[in-house]
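To start, the structure under review is shown below, and the notes come after it.
The values are calculated or read from the model by the stated rules, or taken from the named source; none is laboratory data. Computed from a predicted structure; not experimentally measured. Ideal geometry is used to build each Cβ from the backbone, glycine not excepted, and the neighbour counts take in all protein chains shown. Note: accessible area is taken over every heavy atom of the protein model, side chains too, but ligands, DNA and RNA are not part of it. Shrake-Rupley method; radii C 1.70, N 1.55, O 1.52, S 1.80 Å.
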Amino acid sequence: PTVSGAVTFSAWLDLTDSSPAYHSHKHCAGECSGIGAQAFQMTPGAGQLKSMCDALKYAGNLSIADPRLSPAQAAAPELAGLPPLMLVIGGGEQLLGENLEFARVASAAGAAVQVEVFDGMWHDFVQESEGCGSDAPLREAGQALAAAATFLNASRAAGGCAVVCGERLPARPSAAGLSPVRWSYDYNFKPPITRRDCANVW
């Protein structure tokens, strides 16, 4: 059967943990700290050792570099045959680097890849769509799920990879081999305020 599209959320795409982001990113320590996979809640660098140990346990008799476990290690012909992909990732998580690198390599190989980065979000933030330790859902999680639904519906309507990869999605590799990346950070901007707005603050 034809796979019309696929979406990943905070995907662990390279079990070898070779991305430099393991040394520069840490799990968000904000209101929702404590959620997500424990392997990705470490300080920079420390999470790399913990996650690689988890990877070895998960891999069993396979190498952690086997493309079946680490798609980022796949050869270009394998990547070119992928269905249209959307990678949803938090801007503050250690897996950001490998998601961006995978998208670049897969796009250069001819795959249709779209990356949605949600600024400041942590590993598996999408699971907080029904609340974040409170009665209020996490807005970014809802936005990510809505973006995924739109992507999958458009991919299905376009007929799958045979049509979408070449024509319908804005995912043709650029001259530099980069794939489209949308960094979702508009929610960090507030409308202009006046002194009247500050009356209850001052």
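Looking at G60, G97, G81, just one residue is open to solvent by less than 50 Å² (accessible area, probe 1.4 Å) and modelled with pLDDT under 90, and that residue is G97.
The set of residues in the stretch 135-149 being among the small types (G, A, S) and free of Cβ contacts under 8 Å to residues at least 12 places away in the same chain consists of A136, A146, A149. Right, N61: at negative phi and either assigned to a helix (DSSP H, G or I) or among the hydrophobic types (A, V, I, L, M, F, W, C) (or both) or not? Spelling it out, it is not the case that N61 is at negative phi and either assigned to a helix (DSSP H, G or I) or among the hydrophobic types (A, V, I, L, M, F, W, C) (or both). Is the stretch 149-163 home to any residue that is modelled with pLDDT of 75 or more, within 17 Å of G91 (Cα to Cα) and surrounded by fewer than 17 Cβ atoms within 10 Å (Cβ to Cβ)? Looking through the stretch 149-163, none of the residues is modelled with pLDDT of 75 or more, within 17 Å of G91 (Cα to Cα) and surrounded by fewer than 17 Cβ atoms within 10 Å (Cβ to Cβ). Within the set P1, P71, the sole residue that is under 26 Å from A112 (Cβ atoms) and at pLDDT below 60 turns out to be P1. The set of residues from the stretch 100-117 being open to solvent by less than 40 Å² (accessible area, probe 1.4 Å), modelled with pLDDT under 90 and not aliphatic (A, V, I, L, M) comprises S107, G110.
Okay, residues lined up against (1) at pLDDT below 80; (2) aromatic (F, W, Y); (3) closer than 18 Å to N99 by Cα; (4) in contact with a strand residue (DSSP E or B) (Cβ under 7 Å, 6 or more places away or on another chain):
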| site | (1), (2), (3), (4) |
| --- | --- |
| V126 | no, no, yes, yes |
| S134 | yes, no, no, no |
| R172 | yes, no, yes, no |
| V181 | no, no, yes, yes |
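Within the stretch 128-144, the residues that satisfy the criterion of being surrounded by fewer than 16 Cβ atoms within 10 Å (Cβ to Cβ) and either among the small types (G, A, S) or closer than 17 Å to M86 by Cβ (or both) are G131, G133, S134, A136, G142.
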